[in-house]
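Read the structure below first, then the notes.
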Amino acid sequence: MDKGGIQKALKRVIAECNIHKSISPHNLRHSYATHLLEQGLDLRSVQSLLGHNSLNTTARYTRLTQITRKNTVEAINLLTDGLALKWECGV
């Protein structure tokens, strides 16, 4: 399927689902990368799945979500368990 076919199919699904938000194939790709990272995949694996030559390109698709922040805080707290210092998530 070419780029035009993907856009046409996405437009049809958006209409059928009565979605009134602007969604593009790029939005789906960005969300896919974000969800993969939230599930613990490393950036190199996501790079490979997205077909990027440069890791910097893949890094642009990522964003620090609340889930990522929470997981980071939990990991830090596991490492510092028993110490006086505790990080807060700010959620």
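The values are calculated or read from the model by the stated rules, or taken from the named source; none is laboratory data. Given the structure is predicted, the values throughout are model-derived calculations rather than measurements. Heads up, the Cβs are rebuilt from the backbone with ideal geometry, glycines too, and the neighbour counts pull from every protein chain shown.
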### Query
Residue check, residue 47 against (1) in contact with a helix residue (DSSP H, G or I) (Cβ under 9 Å, 6 or more places away or on another chain); (2) modelled with pLDDT of 90 or more; (3) part of a loop (DSSP other than H, G, I, E, B), all met but one. Which one?
(3)
## Note on the structure
Conditions (1) more than 15 Å from the chain's Cα centre (by Cα); (2) acidic (Asp, Glu); (3) under 30 Å from residue 88 (Cβ atoms) -> residue 16 fails only (3)
